[in-house]
Structure formats: structure tokens, C-alpha cells
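Colleague: What follows is a single structure, and I will ask about it in a moment.
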Amino acid sequence: MFAHSTARRSRTARLGVLAVGAALLSFLAGCESAQPHPAASGKPLPTDEQQASPRPDPVTKSKPLPTVKQQVVGMVPGAALVEPPDLNTATTGEVTAQLTAAQTEVMISGKKVLADTYNGSLVGPTLHVVPGQRVTLNLKNDLSTKTNLHFHGMHVSPMGTADNIMLTGQPGKTLTYHLDIPANHAPGTYWYHDHQMCPGRTLNTRCRGTESQIGAGLSGTIIVGDSRASLPPAYRGITTHTLALKDTQISKTGSIVYPDAVLEPADPTVRLVNGQYQPTLTVKAGETQMWRLANEGYAIVYDLQLDGGSFTVVGQDGIPSTAPARATHLLLPPGRRLDVLVTAGASGSTWLRTLAHVTGNLNDGGDSYPNTTLMKVNVQSDGGSAGPTATGRPTGMTASPQIAGPLPGSEPDLSAEPIAQSRSIALSDDGGNNFWINGKLFDMKTPTFPKPATLGTVEEWTLTNITSGHDHPFHLHIAPFQVLSVNGVAQPPADYMDTVNVPHAVNKKAGKVVIRIRFTDFTGQWMFHCHITGHEDNGMMGYVNVIAVGSPDADIHPSHTA
Ligand SMILES: [Cu+2]
């Protein structure tokens, strides 16, 4: 369900071992000033009866989705895994690439589906970039709606024609981006997606901006450098696979484009890997591979398990691990990427799956996702063939390697750094279509904090989830942050990410995450928001202005339209 309210059981296990851890209705005319949420102003929360009754989305109500079984009719599982297409940008020096966003019929494992795509592919083509490189990206908008791009996790400027989500590409136009990738940019897995916002959204309406575009297919992978270079020599030549996790909700008319297809995370969903339904990956017995896992969906959480095996996390949200950890399952909220090592044992076959996951009290607006197989893994010995053992026990994968840290390129521990400023970010919602940060709906003309952040300083931010029965994955643009604690539990040293799950409130006690951020290199508007895109579209977004030492705040200049 989109709507959420309070209390639910806690279920968050990041990395398994390190506990805790969603266009046409949209662009509505008219503006309403942000209205503070009572909880954030210190007043008592309204009762359910007192709350403004959320206006249900008439489209959602009138178009129930087919079941998963019905949605997959026409798909043929089991085909060999195919890597996403590639933009072929992995060269040094300047490179120019083209992305064309358009409504396209795609084939999902043999079934024709209407989607919004980049270059005609449900999983956008992979952009390989090299630290130190200047990348020019022409985004041609052949959609009937506005679109733009965000380079999620990338440490590049939020201004000008770089990672400036204030840019807007009008239908029929081309928007040109220039990304100057810093020479010391962390190597790893990132992603790009539409970041079209909902200007002028009014209270109690439901906007679908980024939600409807990512939901229809507009996302793809970015790989910076080669994270294998951070590994011990024995692992630097291992086979890699990009596994882009995308979920589709296919309408009766064979469409994943809103409003043909509705977007409700708990509705029947077909989970895809690289745009394929239950593909098969064949690996050699004894082989260790690096998998670049990326949740490129609009809202849904993955809790990955590799039956019979484990994952060694060597990079998180693009940052090489300080302490690589072996995990039996991996929680990937929307936006999260993990570079992991996996190891095949004796010949056999097994599954990569997402475990059942509950995001909140089901009587209180929470979502429940079923246990679902994603990709079959066949392990073959030389001359041998894969197959189940006589015991029927899953074979194939075995324990992944132990890797000593810190890996080169990991980030420093900020826990002892002097703090220039502390800030609080309270995430709240009304159980309907309204989502607030510090009691305010997103307003692109007003920063969340009057006081800017200064380059070169470290700040401590306390993120709280004060009213919701739903976890909110909090994402900061431009730089990763270090997570110090989750619900009071200290996290491993130098635990960096750019998207952190802020646990739901329990018995009116807020979920709480403390992070530290070092502001480096780039002035401008550093955006932050919940990465459940329906929450982001409907108010749970803000920004802080980042300035150079001694600069006036007037340094910051916003939008531009192609
Ligand atoms: Cu949220």
C-alpha cells in the first residue's frame, strides 16, 4: 500500500550480519505553500479521524493488477543471463554518449511489454566511466512528458549541466550533461534514473513524477572504474556480472507505463534480473565471481539470498569496504548497490532469490513482499553438468571468500572528527499521500535549513522516522555519508553509504539513524529524500545549500530548461 501509518515490528538486517540497516495526474497546476506537520511542530499527532483524509488515486482504485502468474504468461524463464547493453564509454579522455528516452515495446523473456526506456532497453545501457574523465551525455527526450537525469551516488557537481536535478528536458528536446569525474572518484557501482520533480504539488493530491518514470523503466547502471582493483591480486581478474534488479507491474494491456499500469509496491510484482524473468547464470565449479548488485526499482525492497552460498560485500553504494563482511542475505532498499564476491562449490544448481519481506504492520499500511526466485545459478564442473543432488539439498554455491580490510579506496572514519554543525531531519507522513521533512512538503525554492553547509567541514545529522509504520530509505546526493548508529546501535567503523534505511517508529518511538557527512569539492544544492519514489514525489525531499568558506549563500543558482 502507498498509505502507511504507525507501529510495526522491526525487521531490518543490513548485510545479514550488521543488524538494522514509487504522468499525468502529476504536474498539477497551482501552488500551495508548505504546511507544517503537527508532529514536527511539537504538537500532538492528530488521531486517524482528525487527519485530512487522503484522496485516493482514482486510477489505482479502478485498475487492479493481474496476478503475478497472469503477468508472466508469455514469458519463458531459464534463458542465459544477458548483461545489460553498454554505452561503450570505457575509454580515457573525453567521451560523448547518447541516451534516448522513449516509450517502447520491449521483450521481457519473450513477452511484449510497453515501457519507458533508454535506447530501447528496459534496463538502460550501462555507462562505464573512468575517474578523471569528462563525460558528455545527450539525453534526447522522445517521451510525451518532461524528464531529466540523476547520477545516483556520483561525486560530481550538483550545479550547471552536471548532476543538477533542477534541469528539465522538455518533450522533443535534448538535454546535455557534462560530468567531470574526479580523478580520485571511488570505483564501484552507481546508477542513473529520471529525477523529474513535482513542482506545485498541493496537499492531499498524489503526484507521480520520478515514481512513474522509474516504474516504467527509466533507470540504468553506472560503473566507475573497476572495483576489482581494490581486491587482493588473486581476485583482480575474476569474472564480473552486473545484476540490475528491476520490478515490473504489468497491466492487463501489457503495459508498465502509468496510468495503464498502477504503481503500488505491495501489488503483484514480477521481479526481473537485467530485464529477464528467471534467467540462468552458469558458473564453473570452484569459481569466485564479482556480482554488481543494484536495486534500480521505484520502491520495492530486496532481501537477497543465494541458496547454499554467501556474499562477501567488498563495496557498498560504490565505496570499497573498510571491513569486507560475509553475509547470508543482503537488504537492498531502492537505490542501494553492493559489489559482492560469490563462490561456486561442486556442480549443482541453486537460486538467487529475494526473501519474504514485510515493511510494516500489515494492519497499519505496511507492505508484504513474497519470497521470490530471481535467477537460477548452474554450477558446472569441467565436462560435468549441473543438476540437483540425490538429497535434493541445494548445491552449487558455497561460502564466499574472507577478504581482509580495509580495501584501498575505502573512506576514513569520521567518528572522532570535529563537528561544524548538527542538524535534525524528521521524516513523517499522515498515513495518506503526504510526506514531510521537518514538517514541510518539498519546496524547490526553499532549502530545508536556512543555514548552509560549508565545504571542508563535517556535520552530524540525526535522521528520525517519527510517525510512519514504514521504513524510509534516506538518500543524499553528491557524497556518501558514514552511518554511526541505527536505533542507538553503533555501526561498524567507516560504514559508508548514500542511501540508509531509517527504521519505522515503534510504539510511537521514532526510528533513528545518526550519520556524519564531510562536505567536499562541490558547492550547490545537495538534495536529500526518501528513495521510495512515491514518498519523494509527494513531499519527502529537501536540500541543503553547500557553500565555500566565506561565500555568500547567493552562490547558488537553480534551474534551467532544455
Ligand atoms: Cu519513504
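Since every read-out is calculated from the coordinates, none of them should be taken as a lab result. Bear in mind that the values here come from a model prediction, so they are computed numbers and not experimental data. Cβ placement follows ideal geometry from the backbone for every residue including glycine, while neighbour counts extend to all protein chains displayed.
Colleague: How much net charge surrounds Gly74 when only the other residues with a Cβ under 9 Å from the Cβ of Gly74 are counted, with Lys and Arg +1 and Asp and Glu -1? Don't jump to the answer; show the numbers that get you there.
Modeller: On the way: positive: Lys111, Lys112; negative: none.
Within the 9 Å Cβ shell, the charges total +2.
Colleague: When a/c reaches 1.5 or more, the comparison of a/b and b/c decides; with that in mind, is the stretch 85-208 rounded, prolate or oblate per its Cα gyration tensor?
Modeller: Numbers: a/c = 1.90, a/b = 1.24, b/c = 1.54.
In terms of gyration-tensor shape, oblate.
Colleague: What number does the stretch 433-514 give for Rg over Rh if you use C-alpha atoms and the Kirkwood radius? Walk me through the numbers before you get to the answer.
Modeller: Numbers: Rg = 13.7 Å, Rh = 14.1 Å.
My calculation of the ratio gives 0.97.
Colleague: Which entries in Lys173/Lys445; Lys69/Lys112; Lys246/Lys376; Lys63/Lys246; Lys284/Lys376 show an alpha-carbon gap greater than 18 Å?
Modeller: Lys173/Lys445; Lys63/Lys246
Colleague: Among rounded, prolate and oblate, which fits the stretch 238-388 when a ≥ b ≥ c are the square roots of the eigenvalues of its C-alpha gyration tensor, a/c under 1.5 means rounded, and a/b larger than b/c means prolate? Present the calculation step by step, with values, prior to reporting the outcome.
Modeller: Values: a/c = 2.04, a/b = 1.53, b/c = 1.33.
Prolate, because a/c is 1.5 or more and a/b exceeds b/c.
Colleague: With each label point set 7 Å from Cα along the Cα-Cβ vector, what nm distance links Asp180 and Ala404?
Modeller: 3.9 nm
Colleague: To make sure I understand the rule: partners must be lysines, Cα under 26 Å from the Cα of Lys440, and not fewer than 8 residues away in the same chain. Which ones qualify?
Modeller: Candidates past the 8-residue exclusion: Lys43, Lys146, Lys451, Lys508, Lys509, Lys512.
Colleague: Which distance in nm do the two modelled labels at Thr239 and Ala420 give, with both placed 7 Å along the Cα-to-Cβ direction?
Modeller: Reported label-point gap for Thr239 and Ala420 is 4.8 nm.
Colleague: Sticking with this structure for a sec: Compute the separation of the alpha-carbon centres of the stretch 468-501 and the stretch 149-219 and state it in Å as a whole number.
Modeller: Value for the Cα centre distance between the two parts: 21 Å.
Colleague: State, to one decimal in nm, how far the label point of Ala229 lies from the label point of Lys252, with both points 7 Å from Cα in the Cβ direction.
Modeller: The modelled label-to-label distance comes out at 5.4 nm.
Colleague: Which FRET efficiency value, to the nearest 0.05, is calculated for Ser551 and Ala90 with the Förster distance at 35 angstrom and r the Cβ-Cβ distance?
Modeller: The computed FRET efficiency comes out at 0.45.
Colleague: Still on this model: What FRET efficiency comes out for the pair Asp307/Val82, r = Cβ-Cβ distance, R0 = 25 Å, nearest 0.05?
Modeller: E between Asp307 and Val82, to the nearest 0.05, is 0.65.
Colleague: Evaluate E = 1/(1 + (r/R0)^6) for Lys508 and Thr462, where r is the Cβ-Cβ distance and R0 equals 22 Å; express this FRET efficiency to the nearest 0.05.
Modeller: On the way: r = 18 Å, r/R0 = 0.80.
E(calc), rounded to 0.05, equals 0.80.
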